[in-house]
Amino acid sequence: MQIAVKNISKDFGKKRSAVHAIKDISLEVEHGEFLGIMGPSGAGKTTLLNMISTNERPDHGQIIIDGLDLTQLHDREQAKYRRNKMGFIYQSFELLDSLNVKENVILPLALNRSNKKLIEERFDYMMNLLNIEGLSHRAVDELSLGQRQIVAAARALINRPEILFADEPTGSLDSKSATILLNYMQMINQKEKTTILMATHDSFTASYCSRVVFIKDGVVFSEVINPGNRDKFFEQIINMQRTIGGGDYFNVSKNY
Amino acid sequence: MYRKIIRRSLSNMRDSYLIYILACSFAIGIFGILESMGDNPSLHFALHMWDSFISDVTSIMSGLFAFCAFVYMIYVGGFFIKQQRNEFLTFEKLGMQRWVIVMISFLQTIIVQALAWLIGMVLMLIFQKFMGMLLFYLMRVRFNFEMHVSLTNLWFLIQVFLVSTLILSIVNAIKTIRILQKKKRRIIIKTRWWLRIPAGIFGFVLLLSAQFCTAMLFKDIRMLGYSSKPLTEVFYIMTADIFGTYLVYFGFLPFVLNILERVHSLSYSGVNIFSFKYMKDRLFQNISILWFVTELSALALALLTFCYFGYQAVHQNYNNAYPFELAANKDTVRVIKDELKKTDSKVKGTYKTPVKINLVSYYSKNTQSYIRQPMTFMSYSDYMSLPKRMHKGNAKINSHQYLKIDYSSSTFRYDSEPDEHNIQVKNSPMIQTARTGSSFPYGSSMHFGPMMIVPDKYYTKMPAEVEDTFYGWDFKKGDRLSRGQLKRLNSYRDAYFMKVDFKSSLSKSSIEVMKKEPHKYEDTYTQAGFLRQGSIKKRFKQGGGFYLFIVALFSVALLVALGSVLTLRVLLRDDYQSRQLRTLQKIGVEESEIKGIIRRENTLTFVIPIIFALVQSYAAIAMFDVGRHISKNIILIYGGYVILYGLFGIISYQVSWRSVKQKFSL
Ligand SMILES: Nc1ncnc2c1ncn2[C@@H]1O[C@H](COP(=O)(O)OP(=O)(O)OP(=O)(O)O)[C@@H](O)[C@H]1O
Ligand SMILES: [Mg+2]
């Protein structure tokens, strides 16, 4: 077991108008697992990922990764941990406007002061793989949403993180790019044993996971384990979404 | 609804507004104090001997001050409107009518101004007494400064408030209208390297040449009297500095940053990959402000230099004229001593020096003619036994050298005259070389014409046409001579008169001493009976204090203005710029590294202008500090300025980091 989340909760806002984003969630993730997190909008998916990835501190509870209680670490150490072990694809991309695509993608490597050869090598490989060599020298604010998303993904993957957090990584992608990205994620998950936590609304995307956790109103509602057959798994996910309600049928028709 | 929107936007930018309001209320407070000080009754009472001078100066100064403050407010007030650009555009997209948005910005300005005025007025009330006491202290007047604000003053201030606020609000409303009309989003700055690089290099060359020219000016300034070269140089230095600085900011600095960025081994390491671009971005945005601040700082430093040397010159002149509080000669010493006995003055020191008066002739380079005149001689050891302040301003001599003390031909050049040669003295050996000076022991008005310090041997051997003895007193707290005593002493002002009979050669010429004032003044010289500092000293000290008060006030105000402009510039990041810092944090950049970026940005914004300003103000020293190494005091003055300025830098860094950090926790 690599990640253990124990009874965490998180409120936003002041007392009377407080939003209980996460009420009480416990979760365990094995090393090399590809975990999907699903739930209606506002269910707390992003908040949960942010807390596991130490971007936010939970109000209560513990988050233990590799036996280390992250909630006890200082901001500084958290940042270091985040930088060395984790990769992120944010829902809002979080690309730097003043840098061009290439600089954005190599940022994690540059931050770790990797040598130049390695940087160029990895960069070329990544761009090739995701089919976006043409974008290298474009400015970020000229890109389409989908292009931004895939650039954000390239950035998250370039330093081969141990744990990858992907928040809605395919939300703005066409089905071809989405498939490329998901296949790659699956590949690194299987080959390099990268642990992946992915939040999504989309059942097709979720069907790549080995397990999907459903949360609603800040608590774990249920979970579905991949039986080994993607079509069947997909069916189960859709059923579960219907049960929860608030699942999005638009995405289904668009991607499938 | 409006109230909510205005309240929201005020609280969003509260740090920036706080700085702006404080700077404004400082200016308003000073303005109010200067304005009300002019007709303060205790000022009139304590300083009646200055008549309306003080109140004239304060009201002129307050006018000047108000004008500068107003320009500042218009300029900086615009920052806030610009900052809200996105917000305004969104309001419009959401269907709010244009005039409503304009109204919001109008009201916002009014609220901020009213707040600034309120605080400013309170500051005025609180600090008026304090400033008045400070003024009195500096002018060495022992008097209680009463707080006083007349109704006319108050009414005037209110009028100024109403008019200026109305104008400012209208200006800001117009700015808002312009924003709404030009909807273009983030303006992409054109780099245009083909223009920037040559311009930057040209600017760099200009600055270098200005420095070179300054070095020449150090030498050439002596020719000021008879050559236009130094003036041309000064003009060139000013132009080259002003334009050169702009061009360097415009082209050279971005160019350097760009090169750094291109060197991948440097820029691809750590957070540099972001910070170089970020700095460049910010630099592009702030070029004109940095330039503005640089030139104003240079101006402030030049002004301080000018004031310092001006004060020095006046002080020097004063000291040359009145080195002793009271001086007398052998004819008057007894009367004076008698009068002093009647007062309760405390004598700190008494001095007495014998002098000989003889005839001399020499060729004067200054007037380019032969001069024949009587000259007062003093021996070297007598000269050296006088207090140090008497010979500090003169060239240094040893016991074998000669020193000719004469009136200086210019205020600023008191000790750089070349040596004089071949001075013939009646019935004595010719003096080959004499060093020069202009600081007279016993005061320049104690006797006529120049003075000569000669070696002891020469002095004892030389004959004298007239022999005399000078006396000098120093007191603790003045000589305390009363008005009546001075009236009595008035008849002793002139001790005797010397009528010189010039013949074909010096040895045939002679001096005739007369006790009575002659009818014809031709070739007749007067020996003063006594010389007293008295009220002149008081006046001089008071004038100096007032001068110090005004100069200090202005430099502090200028500093506050410049510092706050820079701070606001650093603080008011565009939305996307502060978002980027947040993003960095999200992908795992340590907070200390982000703090480092902010620190670097701050350092850059603050250090660049002050360095350029210091380099430029060097020229100001060259203009006044003739032939001397840079004096300690000027370094102190500059140091003080830099320290205060640096303080602003540090505050700005703290506030800036705080505002970034606030966004992190969202
Ligand atoms: N910074 C914040 N301040 C206040 N409330 C917040 C903040 N972030 C999230 N919330 C609230 O917490 C709840 C969970 O938000 P979260 O972003 O985790 O939802 P989500 O599951 O990611 O939704 P989506 O599918 O739309 O991305 C929401 O009700 C949201 O309004
Ligand atoms: Mg989300």
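From B:Gly77, B:Gly32, B:Gly38, grab the single residue that is within 16 Å of B:Ala561 (Cα to Cα), among the small types (Gly, Ala, Ser) and buried (at least 17 other Cβ atoms within 10 Å of the Cβ).
Answer to the check: B:Gly77.
Looking at B:Ile287, is it of a type outside the set (Phe, Trp, Tyr), within 21 Å of B:Arg196 (Cα to Cα) and open to solvent by less than 30 Å² (accessible area, probe 1.4 Å)?
Criteria met by B:Ile287.
Can you pull out every residue in segment A:37-92 that is more than 13 Å from ligand 1 (Cβ to nearest atom) and more than 14 Å from every other protein chain (Cβ to nearest Cβ)?
A:His60, A:Gly61, A:Gln62, A:Ile63, A:Ile64, A:Ile65, A:Asp66, A:Gly67, A:Leu68, A:Asp69, A:Thr71, A:Gln72
Quick check on my filter: what residues within segment B:243-268 are facing chain A (nearest Cβ under 10 Å) and crowded, with 19+ Cβ neighbours inside 10 Å?
If the condition is that a residue be facing chain A (nearest Cβ under 10 Å) and crowded, with 19+ Cβ neighbours inside 10 Å, then B:Glu261, B:Ser267, B:Tyr268 are the ones that fit.
Restricted to segment A:1-57, and to residues that are within 16 Å of ligand 2 (Cβ to nearest atom) and among the charged types (D, E, K, R), which residue is nearest to the chain's Cα centre (by Cα)?
Looking at the filtered set, the residue picked out is A:Lys45.
Just give me the residues in segment A:169-200 being touching a Lys or Arg at 6+ places or on another chain (Cβ under 9 Å) and open to solvent by 20 Å² or more (accessible area, probe 1.4 Å), in sequence order.
If the condition is that a residue be touching a Lys or Arg at 6+ places or on another chain (Cβ under 9 Å) and open to solvent by 20 Å² or more (accessible area, probe 1.4 Å), then A:Ser172, A:Ser175, A:Glu192 are the ones that fit.
Only one of A:Ala153, A:Ala166 is open to solvent by less than 10 Å² (accessible area, probe 1.4 Å), part of a helix (DSSP H, G or I) and either out of contact with any Lys or Arg (no Cβ under 7 Å at 6 or more places or on another chain) or at pLDDT 90 or above (or both). Can you tell me which?
Residue meeting the stated conditions: A:Ala153.
Give me the residue from segment A:100-118 that is at the interface with chain B (Cβ under 7 Å from one of its Cβ atoms) and surrounded by fewer than 20 Cβ atoms within 10 Å (Cβ to Cβ) and, out of that set, farthest from B:Ser265 (Cα to Cα).
A:Arg113
Are any of the residues in segment B:147-161 at pLDDT 85 or above and under 25 Å from B:Val293 (Cα atoms)?
No - not one qualifying residue is present in segment B:147-161.
Looking at segment A:22-50, which of its residues are open to solvent by 10 Å² or more (accessible area, probe 1.4 Å), assigned to a strand (DSSP E or B) and not polar (S, T, N, Q)?
Hits for segment A:22-50 are A:Lys23, A:Asp24, A:Leu27, A:Glu28.
Tally time: how many residues in segment A:179-207 are more than 16 Å from ligand 2 (Cβ to nearest atom) and assigned to a helix (DSSP H, G or I)?
The total comes to 15.
Among the residues of segment B:583-599, write down those that are in a helix (DSSP H, G or I) and at the interface with chain A (Cβ under 8 Å from one of its Cβ atoms).
Result: B:Thr583, B:Leu584, B:Gln585, B:Lys586, B:Glu591, B:Ser592.
Would you pick out the residues in segment A:51-85 that are under 19 Å from A:His31 (Cα atoms), touching a Phe, Trp or Tyr at 6+ places or on another chain (Cβ under 9 Å) and either open to solvent by 10 Å² or more (accessible area, probe 1.4 Å) or without any contact (Cβ under 8 Å) to a residue 60 or more places away in the chain (or both)?
Correct list: A:Thr54, A:Leu68, A:Leu70, A:Arg82.
Do we find that A:Leu145 is within 16 Å of ligand 2 (Cβ to nearest atom) and either open to solvent by 50 Å² or more (accessible area, probe 1.4 Å) or among the charged types (D, E, K, R) (or both) in this structure?
Judged against the criteria, A:Leu145 is a match.
Inside segment A:189-232, can you point out the residues that are among the hydrophobic types (A, V, I, L, M, F, W, C) and more than 27 Å from A:Asp24 (Cα to Cα)?
A:Phe204
The values are calculated or read from the model by the stated rules, or taken from the named source; none is laboratory data. Only a predicted model underlies this, so the values are computations on that prediction, with no experimental measurement involved. When we count neighbours, we look across all protein chains shown, and the Cβ atoms used for this are built from the backbone with ideal geometry, even at glycine. All accessible areas refer to the heavy atoms of the entire protein, side chains included, with ligands and DNA or RNA removed. Shrake-Rupley method; radii C 1.70, N 1.55, O 1.52, S 1.80 Å.
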